[in-house]
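Enquirer: The structure that follows is given in the form of structure tokens.
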Amino acid sequence: MGLTLTEKILRAHLVDGEPVKGQEIGIRIDQTLTQDATGTMAYLEFEAMGVPRVRTERSVAYIDHNTLQNGFENADDHRFIGSVAKKHGIWFSRPGNGICHQVHLERFGIPGKTLIGSDSHTPTGGGIGMIAIGAGGLDVAVAMGGGAYYITYPKVVKVHLTGKLSPWVSAKDVILEVLKRLSVKGGVGKVIEYVGEGVKTLSVPERATITNMGAELGATTSIFPSDEITKQFLEAQGRGEVWTEQKADDDAVYDEEVDIDLSTLVPLAACPHSPDNVKSVAEIGKLKIDQVCIGSCTNSSLLDMMKVAHILKGKTVHPDVSLAIAPGSKQVLNMMADMGLLSVMIDAGARILESACGPCIGMGQSPNSGGISLRTFNRNFLGRSGTKDGQIYLVSPELAAVSAVTGYLADPREIGDMPAFELPEKFKINDNMITPPASEEDAADVQILRGPNIKPYPDTAPLEETITAPVSLKVEDNITTDHIMPAGAKILPLRSNIPAISQHCFTVCDENFPLRAKKLGKSIIVGGSNYGQGSSREHAALAPLYLGIKAVLVKSFARIHRANLINAGILPLTFVNESDYDEISQGDVLQLADVRDKVAAGEQQLTVLNRTTGKEIPVLCELTGRTKDIILAGGLLDYTRENLK
């Protein structure tokens with residue numbers, strides 16, 4: 001029986017466990033990436049481990065999130081990250097060089113390698129045949145120190161592509177179609193692997209768009225084969241020597257199969273407020289719009305920009321619409337300028353933003369009150385844009401550009417024939433905004449530069465013998481990490497200051513939560529299904545840790561967030577019977593008696609006593625030997641200090 005591409009790469013990197021679906025495995029990590037919103041904490045954690053130099057093949061620190069410098073905090077974080085990178089063997093991509101996933105695809109990604117990044121859209125690297133996984137910052141720090149990265153050995157979903165995209169239908173429509181079919185929970189515990197003749201019709205930037213937004217499925221990652229098209233892309237980047245063919249065996253066996261005929265797809269949009277709320281443009285109708293934003297790690301490649309410029313050429317942005325465009329990297333921006341694309345966009349009335357994440361994470365360009373904004377991004381969660389009642393639709397660059405001109409949601413197929421868009425044979429290579437680390441000999445003389453906003457990792461403690469605590473918050477299904485720990489220009493500068501950022505924890509749901517939790521001293525959160533979906537931000541676990549959260553009891557967890565809770569030493573529990581969710585109210589006092597002894601003994605089913613009502617509730621505490629030891633120790637940092645020595 002043949003192997004899938006996913007299985008081949010995972011088995012080649014296996015260092016702990018057995019390749020049995022549903023069981024935990026540890027894999028060797030070849031590359032890591034961080035970005036500045038998560039990077040400061042990740043490097044504080046790396047420093048705390050006492051490892052002098054990274055032990056990966058390549059680690060890169062990117063500055064792309066907190067680039068709106070309206071105070072000293074972001075600038076101090078960038079200076080700190082740059083000095084840590086120089087001292088500890090990490091390459092440093094400076095502000096302005098571009099979005100981490102776009103730049104890593106261009107300059108560092110290698111087919112067949114493993115990559116984890118402290119950003120949930122790290123699966124972008126699957127576009128060139130990598131196993132690229134989003135993770136919490138502490139997991140990335142451990143990998144940089146030479147430790148294994150642990151995941152559940154995944155099921156593999158075969159997405160069989162046939163046919164070819166029709167003119168003005170895009171790769172964004174492919175992943176929107178997958179989301180429409182599978183939902184934001186459909187990829188949990190799975191890797192999405194794309195195969196079939198249709199793969200050969202997609203360029204690397206198009207493949208990367210699909211793998212990037214595969215994060216919204218809840219999937220561990222997504223991956224395309226590395227083929228001649230991949231080789232051409234890497235050769236055009238001056239990196240042809242790193243190419244290897246990567247593909248599944250012809251007789252590979254998959255756990256699930258999805259068939260998509262690319263020729264049948266039509267322009268789609270994800271409607272507010274979820275990436276899987278997908279409808280066709282025809283179903284939505286001619287919706288009047290207020291704003292268009294083009295860019296993000298999903299759709300900011302040179303290919304995307306070429307299509308946008310073609311549509312805007314000789315046109316003027318509608319007077320009722322604000323159009324903002326953010327190229328994904330300095331390379332893309334340079335080539336746009338050389339090719340005349342930039343002047344076309346400026347002539348049309350577009351506002352050109354720097355090569356960074358920007359409005360995708362609420363850093364500027366918030367829409368007007370109740371405004372309708374079309375965005376080529378990957379998430380449209382409530383309030384993520386910075387405007388709480390903003391109505392955000394996720395669309396392709398082609399659809400976005402046409403709509404910016406018409407003033408309403410428009411079908412790009414109405415503008416006529418589509419020319420052939422060809423990527424250049426050679427990209428413009430200029431890595432002068434990437435700083436290499438100091439040599440091992442010189443590293444001792446490098447000084448780490450810290451600002452006053454940079455605070456240490458929160459205090460941790462071993463798991464208590466018995467947990468008795470009130471429920472400080474009860475929330476519904478599909479709570480995202482944006483609900484738990486919002487982003488945006490006001491909050492992101494506090495990512496290196498857990499005491500300060502914790503004051504914003506869960507304020508989207510309940511503005512009184514931080515004060516209440518801190519006053520209680522210790523408490524428990526109760527939630528619904530798919531709790532913690534979205535961003536990989538470990539601050540959604542670290543802020544609750546600081547506020548005294550001892551356990552989170554939900555119907556089900558999103559993968560990365562559950563791992564982050566364990567890393568923070570917070571006990572993750574799920575209901576045996578989901579109906580028992582209704583048996584708990586906010587304010588009830590819950591008790592887990594002798595919980596330390598039971599976890600240490602490997603008991604998977606525990607009992608929560610609701611001391612307020614007298615109701616006994618069975619819950620699952622599914623911890624393996626390693627995650628059990630992490631929880632007992634009080635978190636991954638405490639556990640790792642001993643095990644990496």
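Enquirer: Considering only DSSP beta bridges where both residues belong to the chain, give the percentage that are antiparallel (nearest 5). Spell out each step's value before the answer.
Expert: Details: 29 of 86 bridges.
Antiparallel bridges make up about 35 percent of those DSSP assigns within the chain.
Enquirer: Quick one: of 200/288; 86/190; 190/474; 87/247; 21/388; 279/628, which pairs are farther than 32 Å apart, Cα to Cα? Don't skip to the end; give the middle numbers.
Expert: Values: 200/288 37 Å; 86/190 36 Å; 190/474 28 Å; 87/247 38 Å; 21/388 41 Å; 279/628 43 Å.
Flagged as over cut-off: 200/288; 86/190; 87/247; 21/388; 279/628.
Enquirer: Moving on. Go through the stretch 479-487 residue by residue and turn each phi into a ³J(HN,Hα) via Karplus (6.51, -1.76, 1.60, θ = phi - 60°); whole Hz please, and just put x for glycine and proline.
Expert: Taking θ as phi minus 60°, the curve returns 6, 9, 5, 5, 5, 6, 9, x, 9 Hz for the stretch 479-487.
Enquirer: Next up: Name the residues whose placed amide hydrogens come within less than 5 Å of the amide hydrogen of residue 489, ignoring near sequence neighbours (fewer than 5 apart) on the same chain.
Expert: Here the answer is 364, since their amide H atoms fall under 5 Å of that of residue 489.
Enquirer: Tell me the Kirkwood hydrodynamic radius of the stretch 9-104 in angstroms, computed as one over the mean inverse distance between distinct C-alpha pairs.
Expert: Numbers: mean 1/r = 0.0675 Å⁻¹.
About 14.8 Å, per the Kirkwood formula over Cα pairs.
Enquirer: Taking a ≥ b ≥ c as the square roots of the eigenvalues of the Cα gyration tensor of the stretch 467-643, is the shape rounded (a/c under 1.5), prolate (a/b larger than b/c) or oblate? Working shown, then result.
Expert: On the way: a/c = 1.64, a/b = 1.19, b/c = 1.37.
Note, shape of the stretch 467-643 comes out oblate.
Enquirer: Something else now. Using +1 at the C-beta of Lys and Arg and -1 at the C-beta of Asp and Glu, which of 500, 536, 553 has the Cα lying farthest in the positive direction of the dipole of the stretch 490-593?
Expert: After comparing all options, I get 500.
Enquirer: Follow-up question, since we're still on this one. Positive end of the dipole of the chain, charges at C-beta (+1 Lys, Arg; -1 Asp, Glu), about the Cα centre: which of 71, 212, 305 has its Cα farthest in that direction?
Expert: Positive-most Cα among the choices belongs to 71.
Enquirer: Using only the Cα atoms of the stretch 268-412, what do you get for the radius of gyration and for Dmax, in Å?
Expert: 13.7, 39
Enquirer: What do you get for the angle between helix 72-88 and the principal long axis of the chain? Use alpha-carbon atoms, 0 to 90 degrees, nearest ten.
Expert: Result, in degrees: 80.
Enquirer: While we're here: Given H placed 1.01 Å from N in the peptide plane, which residues other than close sequence neighbours of residue 59 have an amide H under 5 Å from its amide H?
Expert: 32, 91
Enquirer: Spelling out what I want: for every residue of the stretch 146-154, take phi, set θ = phi - 60°, compute 6.51 cos²θ - 1.76 cosθ + 1.60 (Karplus), and round to whole Hz; glycine and proline get x.
Expert: Whole-Hz 3J(HN,Hα) from phi for the stretch 146-154: x, x, 6, 9, 9, 9, 7, 4, x.
Enquirer: Rank by packing, highest mean first: peptides 394-407, 220-233, with packing defined as the count of other Cβ atoms within 10 Å averaged across residues.
Expert: Working: 394-407: 26.9, 220-233: 23.1.
Listed from highest to lowest mean packing, they are 394-407, 220-233.
Enquirer: Could I ask something else about it? On a 0 to 90° scale, report how tilted helix 302-312 is relative to the longest principal axis of the chain, with both axes built from alpha carbons and the result rounded to the nearest 10.
Expert: Approximately 50 degrees, to the nearest ten.
Enquirer: How would the stretch 117-186 be classified by its alpha-carbon gyration tensor: rounded, prolate or oblate, with rounded meaning a/c under 1.5 and the a/b versus b/c comparison settling the rest? Each step should come with its number before you reach the end.
Expert: Working: a/c = 2.55, a/b = 2.20, b/c = 1.16.
Prolate, since a/c reaches 1.5 and a/b exceeds b/c.
Enquirer: Related question: Over 10 Å intervals from 0, what percent of Cα-Cα pairs in the stretch 5-264 sits in each interval?
Expert: Final binned percentages: 7, 31, 35, 20, 6, 0.
Enquirer: Okay, next question. So how much slack lies between residue 624 and residue 47, counting 0.36 nm per residue of separation and subtracting their Cα-Cα distance, in nm? All intermediate terms of the calculation are to be shown ahead of the outcome.
Expert: Numbers: separation 577, 0.36 × 577 = 207.72 nm, distance 2.70 nm.
Contour length minus Cα-Cα distance gives 205.0 nm.
Enquirer: Determine the calculated [θ] at 222 nm for the chain from helices alone, applying -39500 (n - 2.57) to every DSSP H run no shorter than 4 residues and normalising by the residue count; nearest 500 deg cm²/dmol.
Expert: Details: 22 runs with 189 residues, N = 645.
Value at 222 nm, helices only, nearest 500: -8000 deg cm²/dmol.
Enquirer: Separate question: Can you tell me the dipole magnitude for the chain around its Cα centre, using point charges on the Cβ only (Lys, Arg +1; Asp, Glu -1), in Debye to the nearest 20? Don't jump to the answer; show the numbers that get you there.
Expert: Values: 63 positive and 77 negative charges, 232 e Å.
I would put it at about 1120 debye.
Enquirer: Also: Taking +1 at the Cβ of each Lys and Arg and -1 at the Cβ of each Asp and Glu, which of 14, 3, 54 sits farthest along the dipole of the stretch 1-84 towards its positive end, judged by Cα position relative to the Cα centre?
Expert: Sorting the options by dipole projection puts first 3.
Enquirer: Full-extension gain between residue 490 and residue 185, please, as 0.36 nm times their residue separation minus the C-alpha to C-alpha distance.
Expert: On the way: separation 305, 0.36 × 305 = 109.80 nm, distance 3.00 nm.
That pair, residue 490 and residue 185, stretches by 106.8 nm at full extension.
All of the numbers you see were taken from the coordinates with simple rules; none came from a lab. What you are looking at is a predicted structure, and each value in this text was computed from that prediction instead of being measured. When we count neighbours, we look across all protein chains shown, and the Cβ atoms used for this are built from the backbone with ideal geometry, even at glycine.
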